[in-house]
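In what follows, a single structure is set out as structure tokens and then discussed.
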Amino acid sequence: MAITQTEMRLLQRVLESPTVPFREEAVAAVVAEWAASHGVAIRRDRWGNVVLDWPGEKAVPCRGVGRRRSAGRTAWCLAAHMDHPGFVLRRMKDRTAWADFLGSVRQEYFVGGRVAFFGDGKRIGRGVVTKCWPAEEGKSEAKPAEFPRVEIALADAAALPVGAIGMWDFPAMRVRGETLSSRACDDLVGCAAVMCAMGRIVASRPAHRVLAVFARAEEVGFVGAMAACEAGTIPEGSLVISVETSKAQPAAALGDGAVVRVGDASRTFDPAVTAMMSTTAAALAKEDAEFRYSRQLMPGGTCEATAYQAWGLRTGGLCLPLANYHNMGPARRVASERINLRDFDAAVKLLTAVAQQPPDTSANEARLKQRLDALLARRRQWL
């Protein structure tokens, strides 16, 4: 594998960052620290989504504002999300806590699951889920609950602050052979893959613009990504690659490599962007005997690519096969999520190779048309 020790440390830093929808600041802080150390411009849009911006080697200074302008508006945009399904503490009394659960996990997994609560990035409490109410049943007199609610028996009576975030109580990162397990691979592994690729891309200093967008609140309906589209965070004409971990499939199992994602449970993605990714992956496979990939529909869930595409952005998808999706393990018990590190390595290589090319699919499309034209010219006579 080509993953460096520095990149593995970055992956660990990201995975150690506690996060739930709307409470992604620990992950955002790691991204900001990385940007500062690599000299990459960083900003937050009005909704708190984090944007890294390589303007392009041929960018020129903008008069009066001390910034650089990209030579052309079109950019590659590598997109991942900073949240993972988890808990937000509403109240506690003695050794009982009540929390909202933000994200999609089937109800039968909750009772008996162990929870860790965090404050300032550190674990501040533990407990076990004793009850769970679906959102439509967890009502107050004022209005229906927006999210499922749970009751948690705490290990001790130490006061926890309202708003403290909780995650399933598993190690942040454990590596055994090629398998990495974590309480939250989805989508922190995607965030780390994007940062590793951005590091390699910036080192190669391409002439064109490359962005990375780290969105908020994906697990509750792509809220950050949609708000970013509405706010114009991603420049018009950009080509987006949505980076995810996605529930493993028979033809895309752990260890099968990076997946050029043709579509998700809701949509198929931009054909030309997908074709360019596939062409690049095929070329990498010829050059690198260790590189593995597949081109698959991944119907285990709907991802941000669908949201970006619905807002008119040309979007492709790249994912890593994921075991125990959303911590839903065997026998209806929560478990650590798992990925294969060779798949992570392949994803970083493919993102890097694609984004080092100009963000323009026309040349790839022209080559396909030329091959088809030549085939028709040779064989039309037999019609």
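The values are calculated or read from the model by the stated rules, or taken from the named source; none is laboratory data. Treat the numbers as computed from the prediction; the structure is a model and nothing was measured. Neighbour counts are summed over all protein chains in view; Cβ atoms, including those assigned to glycine, are modelled from backbone coordinates with ideal geometry. Ligands, DNA and RNA are excluded from the accessible area calculation, which covers all protein heavy atoms including side chains. Shrake-Rupley method; radii C 1.70, N 1.55, O 1.52, S 1.80 Å.
Overview of results
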| item | result |
| --- | --- |
| Dipole moment magnitude, nearest 20 debye, the chain about Cα centre, only Lys, Arg, Asp, Glu C-beta charged | 640 debye |
| Phi-based couplings in Hz for region 44-54 (Karplus 6.51, -1.76, 1.60; Gly and Pro marked x) | 10, 7, 5, 9, x, 5, 9, 10, 9, 9, 8 |
| Solvent exposure of the chain as accessible area per residue, Å², 1.4 Å probe | 46 Å² |
| Solvent-accessible surface ranking, highest first, for VAL223, VAL202 at 1.4 angstrom | VAL223, VAL202 |
| In Hz, Karplus ³J(HN,Hα) per residue of region 360-366 (6.51, -1.76, 1.60; θ = phi - 60°; x = Gly, Pro) | 8, 8, 5, 5, 5, 5, 5 |
| Shape category assigned to region 145-229 from the gyration tensor of Cα positions, a/c cut at 1.5 | oblate |
| Solvent-accessible area of TYR325 with every protein chain in place, 1.4 Å probe, in Å² to the nearest 10 | 60 Å² |
| Debye, to nearest 20: dipole size of region 88-131, +1 on Lys, Arg Cβ, -1 on Asp, Glu Cβ | 140 debye |
| With at most 15 other Cβ atoms within 10 Å, longest stretch of the chain clear of loop GluC sites (Glu not before Pro) (DSSP) | 291-383 |
| Alpha-carbon spread of region 193-323, three principal axes, descending order, Å | 43, 37, 24 |
| Using θ = phi - 60° and Karplus 6.51 cos²θ - 1.76 cosθ + 1.60, couplings along region 340-355 (whole Hz; Gly, Pro as x) | 9, 5, 5, 5, 4, 4, 5, 5, 5, 4, 5, 4, 4, 5, 5, 6 |
| Mean separation of Cα contacts under 8 Å, 6 or more apart, over the residue count of region 1-61: relative contact order % | 17 percent |
| Under 5 Å, built H, 5+ apart or other chain: amide partners of LEU78 | LEU211, ALA212, VAL213, ILE241 |
| GNM top mover of ARG183, ARG90, ARG114 - the chain, alpha-carbon springs below 10 Å | ARG90 |
| Using alpha-carbon coordinates, inclination of helix 188-204 to the longest axis of the chain, degrees | 40 degrees |
| Positive dipole terminus of the chain, leading residue within PRO148, GLY257, LEU102 (C-beta point charges) | GLY257 |
| Cα gyration tensor category, rounded, prolate or oblate, for region 268-355 with a/c compared to 1.5 | oblate |
| Number of Lys pairs (Cα under 30 Å; 8 or more positions apart or on different chains) in the chain | 15 |
| Carbon and sulfur %, accessible surface of the chain computed with the full protein complex present, 1.4 Å | 51 percent |
| Shape call, the chain: gyration tensor on alpha carbons, a/c limit 1.5 | prolate |
| For region 263-313, size of Cβ-based charge dipole, Lys and Arg +1, Asp and Glu -1, in debye | 140 debye |
| Heavy atoms of THR179 accessible to a 1.4 Å probe, total area in Å² rounded to 10 | 50 Å² |
| List PHE87, PHE22, ordered by accessible area with a 1.4 Å probe, largest first | PHE22, PHE87 |
| Built amide H within the under 5 Å cut-off of GLY329, gap 5+ | VAL334, ALA335 |
| Unit charges at the beta carbon, dipole of region 132-260: most positive-side option, GLY190, ALA135, ALA157 | GLY190 |
